[in-house]
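Down below is the structure, laid out as structure tokens.
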Amino acid sequence: GAVVSQHPSWVICKSGTSVKIECRSLDFQATTMFWYRQFPKQSLMLMATSNEGSKATYEQGVEKDKFLINHASLTLSTLTVTSAHPEDSSFYICSATGTGFQPQHFGDGTRLSIL
Amino acid sequence: QKEVEQNSGPLSVPEGAIASLNCTYSDRGSQSFFWYRQYSGKSPELIMFIYSNGDKEDGRFTAQLNKASQYVSLLIRDSQPSDSATYLCAVKEGGSEKLVFGKGTKLTVNP
């Protein structure tokens, strides 16, 4: 149980393009979803927390107008990287948790490369 | 600033040995503790979680929690080369759903 699906796995696109990443909880209702970014050989960095039907809460230093998060249902959250630039190239990972004392379960991640 | 500290390693053990991974945390209000395994280039995978003081065993893995000492550990018995990965300790902030991650300990199990 507790499967989180993330799509796409890889994205390569030109600078200035907007990229949308989807995160779905397949077998549970995800009341809270999280978006992380991880640069090579570094630890996970939390970007934002989203609750279904509410605006996302962004961590300090994360531009909310650049990283648009939508959590429209209890099974789907999306992260859109707008006008992506090479410095946005990274490994983006979502996680989801349900109600009560539930662990966060991670999606497989999306490797984003901006040329 | 709430912190989770791990020895970055690398920790190297021979196949069949016990690997011991340690973690300390600063927030006394923390109630939930997690160990994730992350293979190179992959996303984290939940290994164990523990909420109460003492030991929790699941197969070859044992998580140990001591809230008084603000210390949590993960023991891997009969270590296998496939256990070679980075192990992330994570602590749920008191009153929040957010996790604070340590930087991870890289474990290498030598055949």
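The values are calculated or read from the model by the stated rules, or taken from the named source; none is laboratory data. No experiment lies behind these values; they were computed from the predicted model shown. Every residue, glycine among them, receives a Cβ derived from its backbone with ideal geometry; neighbour counts consider all protein chains shown. With ligands, DNA and RNA removed, areas are computed over all heavy atoms of the protein, side chains included. Shrake-Rupley method; radii C 1.70, N 1.55, O 1.52, S 1.80 Å.
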Taking B:SER32 as the residue in question, decide whether it is within 11 Å of another protein chain (Cβ to nearest Cβ) and either open to solvent by 60 Å² or more (accessible area, probe 1.4 Å) or over 27 Å from B:ASN110 (Cβ atoms) (or both).
-> yes
> Just wondering, is there one or more residues in the range A:97-106 that are under 26 Å from B:LYS106 (Cα atoms) and either in contact with a Phe, Trp or Tyr (Cβ under 7 Å, 6 or more places away or on another chain) or of a type in the set (A, V, I, L, M) (or both)?
Replying inline: yes
Given (1) under 17 Å from B:ASN110 (Cβ atoms); (2) within 14 Å of chain A (Cβ to nearest Cβ), B:ALA17 misses just (2)
Note on the range A:73-91: residues touching a residue at least 60 places away in the same chain (Cβ under 8 Å), surrounded by fewer than 17 Cβ atoms within 10 Å (Cβ to Cβ) and not β-branched (Val, Ile, Thr) are A:SER83, A:HIS85, A:PRO86
(1) more than 13 Å from chain B (Cβ to nearest Cβ); (2) free of Cβ contacts under 8 Å to residues at least 60 places away in the same chain; (3) more than 12 Å from the chain's Cα centre (by Cα) all hold for A:PHE67 apart from (3)
A careful count of residues in the range A:70-107 that are over 11 Å from the mean Cα position of the chain (by Cα), under 20 Å from A:ARG24 (Cβ atoms) and not hydrophobic (A, V, I, L, M, F, W, C) gives 9
Looking across the range B:40-56 at residues that are part of a loop (DSSP other than H, G, I, E, B) and at the interface with another protein chain (Cβ under 9 Å from one of its Cβ atoms), the single one that is surrounded by the most Cβ atoms within 10 Å (Cβ to Cβ) is B:PRO44
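Just checking, how many residues over the range B:82-106 are in contact with a Pro (Cβ under 7 Å, 6 or more places away or on another chain) and open to solvent by less than 50 Å² (accessible area, probe 1.4 Å)? Spell out how you get there, then give the answer.
Quick first cut of the range B:82-106, residues in contact with a Pro (Cβ under 7 Å, 6 or more places away or on another chain) only: B:88, B:106.
With the extra rule that they be open to solvent by less than 50 Å² (accessible area, probe 1.4 Å), the set shrinks to B:88.
Residues meeting the conditions: 1.
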Over the range A:92-102, the set of residues open to solvent by less than 10 Å² (accessible area, probe 1.4 Å) and either modelled with pLDDT of 95 or more or at the interface with chain B (Cβ under 10 Å from one of its Cβ atoms) (or both) is A:TYR92, A:ILE93, A:CYS94, A:SER95, A:THR97
Pairing a residue in the range B:50-77 that is over 23 Å from B:LYS106 (Cα atoms) with any residue that is in a strand (DSSP E or B), where Cβ atoms lie under 7 Å and the two sit 6 or more apart in sequence or on different chains, gives B:TYR51/B:SER32; B:SER52/B:LEU65; B:ASN53/B:LEU65; B:ASN53/B:ASN66; B:GLY54/B:LEU65
Filtering the range A:1-26 down to residues that are away from chain B (no Cβ under 11 Å) and among the polar types (S, T, N, Q) yields A:SER5, A:SER15, A:THR17, A:SER18, A:SER25
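Just the residues that are under 18 Å from B:LYS42 (Cβ atoms) and more than 10 Å from chain B (Cβ to nearest Cβ), please, taken from the range A:27-54.
Taking the range A:27-54 first, the residues under 18 Å from B:LYS42 (Cβ atoms) are A:34-45.
Matches in the range A:27-54: A:TRP35, A:ARG37, A:PHE39.
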